[in-house]
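First the structure, in the form of structure tokens, and then the observations on it.
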There are 2 protein chains.
Amino acid sequence: MNEFDFIKTIKPSAYQQSSLIKGIGDDAAVFRQTHADIVTAVDTFVEGVHFSKETMSAHEIGYRALAVNVSDMAAMGAVPAMCLVSVVFSSEWKKEERIEIMNGIKTMGKKYQVDLIGGDTVSGESLVISITIIGYVDQDCARYRSTAEVDDVVFVTGTLGDSAAGLSILLGEQSGVGDVAYYIRRHTRPQPRVNFVQELNHLNRVTLNDVSDGIANEAAEIAEASQVDIYLDNTKVPVHDTFHQFDQDQQYSWKYFGGEDFEILGTVPSEEWEAIKRAATAVGVRVTKIGQVRQGEGLVYIQKDSKIEVLPKDGYEHKEIGD
Amino acid sequence: MNEFDFIKTIKPSAYQQSSLIKGIGDDAAVFRQTHADIVTAVDTFVEGVHFSKETMSAHEIGYRALAVNVSDMAAMGAVPAMCLVSVVFSSEWKKEERIEIMNGIKTMGKKYQVDLIGGDTVSGESLVISITIIGYVDQDCARYRSTAEVDDVVFVTGTLGDSAAGLSILLGEQSGVGDVAYYIRRHTRPQPRVNFVQELNHLNRVTLNDVSDGIANEAAEIAEASQVDIYLDNTKVPVHDTFHQFDQDQQYSWKYFGGEDFEILGTVPSEEWEAIKRAATAVGVRVTKIGQVRQGEGLVYIQKDSKIEVLPKDGYEHKEIGD
């Protein structure tokens, strides 16, 4: 099967988005969007760097690649609509596996109404999946990182560190732990919080980021872009019921720096906190108040065991600033 | 310099497109387009497959990657507006070379008013550049491959085979040939025919394809999508003044199957042929009538030395059908 034939196999039999005029089959896809703003991002995944055959099936690799992109749309307050997929296949990936990667993308796309409207498959030395996602948001309602203000409540959906725990289990690093299926599913089948974010549409101001690189990094992005400091309370950061079974240092590392939980970290004026809780209840998602926005110049602090420390983005530059 | 810093170095200091609301710097870019249709495509280039350090500078690699995408917009009758770039860098590419690749993309972007609105750079085993291009076209005016009709004139811009000749020269396969700089430039610095295509906006029907894979393939795409046959006259297919200096078989192979000339192949009703010539004159581009659309089922024929043969897409399935 050559590359041209392969593109035909991934062409959907029908599209879900009414804004789409022309999908796969010409030099480019065509769509129209006259009443909403258009949101777009690209994310790339390299075998051996971002994923591996050892820990995920071909189907899961495809599913997860699109999920990461869908989560970017949630972070913007947008609804995902379409995607373009570029895949570099190495000869190690058999035809059946290639199709399974595309099927994983399709399964995720069906779940979140994301149409595959363009694609490009080429041969290379290692598997690279690059996805461009396109979504819609009401005019002037995209949610940016730069809008956090002093005294805002900081909140996060779901629980943190689960994906990193799942990966550790898949890598065979854990023995005798429970809830294995849960943690693995959280790693291989992330559920971007698109529905939750849509419930916030009526709010005048909410600052959002998705947890792709760990909340330490995501909070720092908000703090820097908004020129404020963010204070987090370690006792409030939500974890799964059985998360305490893991090594203490791993727990700490995973929940702040593990990333890939694809939950939503946000800030809102404190008077809107009740609205955030109602939105979460409406879509069956857990939400927790974990901190506060204060005056500052873009740092993230963590209150832990009666100490307040700067929380470094990547977990490597611990610097104590007071006790 | 880590990946995050690198993204900052490629962030433009200003954007050219007024439709852009938010460029690089958040989870996604945001734009608005309420009066035109939006056209988008992705193209991926792998080191060793699509390009090599042996034949092109880092700057040219970047320039050309975006040019290929811009040409897709021309093929749709669209004006390119924005792009998202994903690059997988291998350790063989030094910082200066990485920046030069991005500078090549920027140079091309400036020339065609294409804003770089999103990016993603990751590490991997070999260089992979994947570009998603976004362009605009008047509502319901995108040009498709499927609209050719019987008795249409078949035309092509510029000259064919030049890029393949340039590559052959760069690979050191030619000796004692002239016009070397011209052929090399045609390979390394393609000029997508965006301006020419814009001059056709007033035409009710014109079928377009860009010559990325050789006109044999591009003509077949039109013939198949439109369910017609296309007849080409070998004596009419335009070549550069000094093209006859090359080996006869190479000439034939390059002009039909060489591809990467990024000229425009099209069909129009014969009464519009004068309008096509005027459009070409207006933008200083050569245009040549090279054949005719006839009733059929999707094949391309070539009249050559008083014989008519099927022209295979890739040059490998020669089959004589009459003389």
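The values are calculated or read from the model by the stated rules, or taken from the named source; none is laboratory data. The shown structure was predicted, so the numbers you read here are calculated from the model rather than taken from an experiment. Here the Cβ positions follow ideal geometry from the backbone for every residue, glycine too, while neighbour counts run over all protein chains shown.
Residues considered: A:Ala65, A:Ala74. Of these, the only one that is more than 7 Å from chain B (Cβ to nearest Cβ), crowded, with 24+ Cβ neighbours inside 10 Å and either among the charged types (D, E, K, R) or more than 19 Å from A:Ser130 (Cβ to Cβ) (or both) is A:Ala74. Could you go through region A:293-310 and let me know if any residue there is under 20 Å from the mean Cα position of the chain (by Cα) and small (Gly, Ala, Ser). The answer is no; no qualifying residue exists. Of the residues making up region B:266-285, just one is assigned to a strand (DSSP E or B) and either closer than 16 Å to B:Leu160 by Cβ or not assigned by TED's automatic domain parsing to the domain that holds B:Glu221 (or both), namely B:Gly266. Hey, can you tell me all the residues within region A:286-311 that are surrounded by fewer than 18 Cβ atoms within 10 Å (Cβ to Cβ), in a loop (DSSP other than H, G, I, E, B) and at pLDDT 95 or above? Those that are surrounded by fewer than 18 Cβ atoms within 10 Å (Cβ to Cβ), in a loop (DSSP other than H, G, I, E, B) and at pLDDT 95 or above: A:Arg286, A:Gln295, A:Gly296, A:Gly298. The single condition among (1) out of contact with any Gly (no Cβ under 8 Å at 6 or more places or on another chain); (2) under 15 Å from B:Thr40 (Cα atoms) that B:Met73 does not meet is (1).
Close Cβ contacts (under 8 Å, 6 or more residues apart or on different chains) running from residues in region B:268-281 that are over 12 Å from B:Asn204 (Cα atoms) to residues that are in a helix (DSSP H, G or I) and at pLDDT 95 or above comprise B:Ala279/B:Phe196; B:Ala280/B:Phe196.
Go through A:Ser163, A:Ser175, A:Ser168, A:Ser226 for me and flag whichever is touching a Ser or Thr at 6+ places or on another chain (Cβ under 7 Å) and of a type in the set (Gly, Ala, Ser). Explain how you work it out, then say what you get.
Working: A:Ser163 fails: touching a Ser or Thr at 6+ places or on another chain (Cβ under 7 Å); A:Ser175 fails: touching a Ser or Thr at 6+ places or on another chain (Cβ under 7 Å); A:Ser168 fails: touching a Ser or Thr at 6+ places or on another chain (Cβ under 7 Å).
So the residue among A:Ser163, A:Ser175, A:Ser168, A:Ser226 that is touching a Ser or Thr at 6+ places or on another chain (Cβ under 7 Å) and of a type in the set (Gly, Ala, Ser) is A:Ser226.
Counting only strands (runs of 3 or more DSSP E) that fall entirely inside region A:15-118 and contain at least 1 residues that are touching a residue at least 12 places away in the same chain (Cβ under 8 Å), of a type in the set (A, V, I, L, M, F, W, C) and assigned by TED's automatic domain parsing to the domain that holds A:Glu173, no element qualifies. If only residues of region A:35-49 that are more than 7 Å from chain B (Cβ to nearest Cβ) and within 17 Å of B:Thr44 (Cβ to Cβ) are counted, the one that is surrounded by the most Cβ atoms within 10 Å (Cβ to Cβ) is A:Phe45. For region A:246-258, check the following and say yes or no: at least one residue is at pLDDT below 95, outside any strand (DSSP E or B) and in contact with a Ser or Thr (Cβ under 8 Å, 6 or more places away or on another chain). Yes, that holds for at least one residue. If you go through region A:17-34 and keep only what is hydrophobic (A, V, I, L, M, F, W, C) and more than 8 Å from chain B (Cβ to nearest Cβ), you end up with A:Leu20, A:Ile24. Here A:Asp26 meets each of (1) within 15 Å of the chain's Cα centre (by Cα); (2) surrounded by 23 or more Cβ atoms within 10 Å (Cβ to Cβ) with one exception, condition (1).
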